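Right, I'll just put the structure down here and ask away after.
The values are calculated or read from the model by the stated rules, or taken from the named source; none is laboratory data. This is a predicted model, so every value here is computed, not measured. We place every Cβ from the backbone using ideal geometry, glycine too, and count neighbours over all the protein chains shown.
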Amino acid sequence: MTEYDRRAGEKLAALRRGQAARVLAIETSCDETAAAVVENGRRVLSSAVHTQIPLHVPYGGVVPEIASRSHVQKIGPVVRHALEQAGLPLAELDAVAVTNGPGLVGALLVGLSYAKGLAYAAGLPFLGVHHIASHIAANYLTDPELEPPFTCLVVSGGHSHIIAVEDYDRYRLIGRTRDDAAGEAFDKVARVLGLPYPGGPNLEQLARSGDPMKYTFHSAFNEGDGFDFSFSGIKTAVVNRLHNARQAGEKIDPADLAASFQRTVVDILTEKAVRAALLEREKTGGKLALAGGVSANKALRGALEKRSAEAGVAFYCPAFEYCTDNAAMVGAAAYGKLREGRTDDFSLNAVPYLSIET
Ligand code: KG4
Ligand code: ZN
């Protein structure tokens with residue numbers, strides 16, 4: 001047995017005896033460098049996020065090479081900041097958790113390597129966390145009473161899923177996008193409308209002054225009774241509408257286009273998510289949660305809240321600060337594994353297309 005095994009083993013034994021688990025969590029899957037300290041998966045002792053958005057704005061999207069280099073520069077200061085804010089030295093923590101997929105491989109490797117080094121040096125148990133599981137777990141930070149099983153709509157820049165959350169670390173896929181993720185569609189339409197990166201929040205802002213009923217974008221696929229989504233056709237319909245108007249010299253208000261596109265996507269997500277929550281009602285008691293970067297969208301939050309109430313389903317969504325990428329949600333998800341004594345060894349790799357189903 002190595003010195004590391006002995007020290008990490010002692011920490012795990014203390015957790016089994018019921019001692020509180022204070023986890024240092026690290027997130028570098030895309031364009032945010034984040035670290036947090038979370039107690040028992042619910043209480044945030046600190047949360048530090050450094051966003052790279054200004055670095056990527058000139059390119060209109062995330063440049064993977066630039067993202068990795070920025071993570072290398074910022075990971076040290078961000079982790080130090082999180083530890084200082086929590087007022088805890090490394091030795092008093094109980095585990096180090098890190099996102100190991102899905103995400104940009106170079107970006108993931110920065111956080112993963114840093115977390116391994118830190119865990120090894122401090123003699124702390126180490127574990128990898130799925131990025132989508134983290135987004136889902138952001139709900140545990142906001143709603144202390146929320147417990148699995150529940151249905152969750154996960155909408156981010158890379159993923160759009162309806163997931164049955166069967167337990168803290170057990171998931172079943174109900175539906176998924178066949179092409180673009182919802183956030184990706186927001187970003188692409190925003191770009192066509194001439195809005196800067198990141199498109200989603202900028203498009204939402206523009207949509208506020210537009211007429212959501214001005215244009216209709218039909219999508220036969222989404223109008224079916226399945227649970228999979230398709231957003232690529234809607235994005236193309238918006239682009240075509242804009243091009244046709246320009247060619248015909250017709251004046252088109254970009255705010256109306258943004259509002260109509262947003263309404264279309266929100267309607268599709270809401271209809272399918274609430275229907276899935278009703279399908280699962282016997283198992284879950286009728287609970288629907290929202291997660292992922294697009295959960296910051298007020299139109300989506302509002303529509304889900306309204307439709308859930310009408311359907312008699314309890315609706316949960318994370319506080320705004322935990323909607324887009326952060327490390328507090330990683331600490332929340334890590335607890336789901338840690339409470340079962342599940343840790344990883346240092347051979348754990350970054351997996352860009354990691355599946356959430358076990
Ligand atoms: O979860 P996230 O921070 O990163 C990924 O894991 O992908 O999600 C980022 C995505 C981007 O596509 C961004 O445009 C979108 O979430 N997003 C929004 C809003 N805020 C972020 N989309 C629509 N409305 C928003 N307010
Ligand atoms: Zn994310």
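For the range 235-263, name all the residues that are in contact with a helix residue (DSSP H, G or I) (Cβ under 6 Å, 6 or more places away or on another chain) and of a type in the set (A, V, I, L, M, F, W, C).
Across the range 235-263, the qualifying residues are Val238, Val239, Ile252, Ala255, Ala258, Ala259, Phe261.
Can you pull out the residues in the range 12-46 that are closer than 15 Å to Leu338 by Cβ, more than 16 Å from ligand 2 (Cβ to nearest atom), among the aliphatic types (A, V, I, L, M) and part of a strand (DSSP E or B)?
The answer is Val23, Leu24, Val37, Val38.
Hey, another quick one. The conditions are (1) closer than 21 Å to Tyr353 by Cα; (2) away from ligand 2 (no atom under 16 Å from the Cβ), and Ala97 fails exactly one of them. Which is it?
Only one criterion in (1) closer than 21 Å to Tyr353 by Cα; (2) away from ligand 2 (no atom under 16 Å from the Cβ) is unmet by Ala97, namely (2).
So, one more: Restricting to the range 36-69, give me the number of residues that are crowded, with 16+ Cβ neighbours inside 10 Å and among the acidic types (Asp, Glu).
1
Among the listed residues Val266, Val294, identify the single one that is in contact with a helix residue (DSSP H, G or I) (Cβ under 8 Å, 6 or more places away or on another chain), under 13 Å from His161 (Cα atoms) and β-branched (Val, Ile, Thr).
Residue meeting the stated conditions: Val294.
Checking Gly183 against (1) in contact with a Phe, Trp or Tyr (Cβ under 9 Å, 6 or more places away or on another chain); (2) within 14 Å of ligand 1 (Cβ to nearest atom), only one condition comes out false. Which one?
With (1) in contact with a Phe, Trp or Tyr (Cβ under 9 Å, 6 or more places away or on another chain); (2) within 14 Å of ligand 1 (Cβ to nearest atom) applied to Gly183, the lone miss is (1).
Name the single residue, out of those in the range 88-107 being surrounded by 24 or more Cβ atoms within 10 Å (Cβ to Cβ) and farther than 16 Å from His135 by Cα, that is nearest to ligand 1 (Cβ to nearest atom).
That would be Ala107.
Would you tally the residues in the range 185-232 being buried (at least 17 other Cβ atoms within 10 Å of the Cβ), farther than 17 Å from Gly158 by Cβ, at pLDDT 95 or above and within 24 Å of the chain's Cα centre (by Cα)?
6
Let me ask another. Only residues that are of a type in the set (Gly, Ala, Ser) and within 16 Å of ligand 2 (Cβ to nearest atom): list them for the range 306-354, please.
Listed by number, the residues that qualify are Ala319, Ala327, Ala328, Gly331, Ala332, Ala333, Ala334, Ala350.
Right, another one. Kindly establish whether Pro125 is free of Cβ contacts under 8 Å to residues at least 60 places away in the same chain and not charged (D, E, K, R).
no
If you scan the range 239-265, which residues turn out to be crowded, with 22+ Cβ neighbours inside 10 Å and of a type in the set (Val, Ile, Thr)?
Thr264, Val265
Are there helices (runs of 4 or more DSSP H) fully within the range 244-313 with at least 1 residues that are among the β-branched types (Val, Ile, Thr) and touching a Leu at 6+ places or on another chain (Cβ under 7 Å)? List them.
Correct list: 254-279.
Only one residue in Ala277, Ala258, Ala291, Ala207 is in contact (Cβ under 8 Å) with a residue 12 or more places away in the chain, closer than 21 Å to Glu184 by Cα and in contact with a strand residue (DSSP E or B) (Cβ under 6 Å, 6 or more places away or on another chain). Which one?
The match here is Ala291.
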